[in-house]
1. Report the FRET efficiency, 1/(1 + (r/R0)^6), for Ala196 and Asp142, where r is their Cβ-Cβ distance and R0 is 22 Å, rounded to 0.05.
2. Using Cα positions and a limit of under 14 Å, work out the aspartates and glutamates in reach of Lys43, with same-chain residues fewer than 8 apart set aside.
3. In terms of Cα to Cα distance under 18 Å, which lysines are near enough to Lys177, apart from those fewer than 8 places away along the same chain?
4. Run the numbers for Ala89 and Asp4: contour at 0.36 nm per residue of separation, minus the present Cα-Cα distance, in nm.
5. Multiplying the sequence separation of Ile21 and Ala67 by 0.36 nm and subtracting their Cα-Cα distance, what value in nm do you get?
6. If each of Ala79 and Glu49 carries a label point 7 Å out from its Cα toward its Cβ, how far apart are those two points in nm?
7. Before anything else, pin down the relative contact order of the stretch 140-246: Cα pairs under 8 Å, at least 6 apart, normalised by residue count, whole percent.
8. For the stretch 140-246, taking Cα atoms only, what is the radius of gyration to one decimal and the Dmax to the nearest whole Å?
Amino acid sequence: MHIDWWTLALQTINVLVLVWILQRFLLKPVAAIIEARQAAAAKLLADAEGVKATAEAERQKATEEAARTAAGRDEVLKAAAAQGETARAAMLADARSEADKVRLAANAEIERSRKENAAADEAHARALAVEIARRLFSRLPDDAKVSGFIDGLADAVAALPQESRSGVANGVPLALKAPRPLTATEEETCRAHLSAAFGHPVEISVVSDPELIAGLEIDTRHALVRNSFRADLDRIAEELGRGAATS
């Protein structure tokens, strides 16, 4: 085989020139483009990492802010709950206090009404008892309404102090109350017994007073002597009233 060294040399030179041309006008620009693109890609990656880091920081900040907000909300809710509980307790205390006041006032009013009603009932019962006794006594025979009370009236007069008896009926007729007009015999008997009780003669002037029911009474400026059912009933009513007032 015959080798043409000149041809080989020319071919080699052509190859070298081609390689140089390719390196000078093709490989370097392409490498530069690749490097530029790699730099741009790196920059994009770096920017993306920066954005990612910023976003992560913002997310962390938002998370922390949310946590602080939640904690603050919890504190606000706790404070509001505590205030609500305090207010509720105060309202319950006020309500209990007002209820106690109302209850005490109601109990006092009930007690006052009970006492007033009891007093009214007792007064009515006393009045009714006195009225019943008055009606029963009014049914006595007419002679018993006077004759049975003459001696008692004379004894009551005799029990008066001497100065009271001596100052009564000196020349002036003595007013003698009776439940009905007296008969002549009854009037004479009264005059005789009263003269003996006073220690000096007396004249009497009979005054009819059906309210006495039965009995006799003397009412002068010096003395009041009562021996009648009305006087007894008045004393009974007074005692009953005194007993009710002290109970």
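Where a number appears in this text, it was derived from the coordinates with a stated rule and is not lab data. None of these values were measured; they are calculated from a predicted model. With ideal geometry, Cβ positions are generated from the backbone for all residues, glycine too; neighbour counts draw on all protein chains shown.
1. 0.30
2. Glu35
3. Lys145
4. 18.7 nm
5. Gain in length upon complete extension: 10.0 nm.
6. According to this spin-label approximation, the distance is 4.5 nm.
7. 33 percent
8. Considering the stretch 140-246 through its Cα atoms, Rg and Dmax are 14.4, 48 Å.
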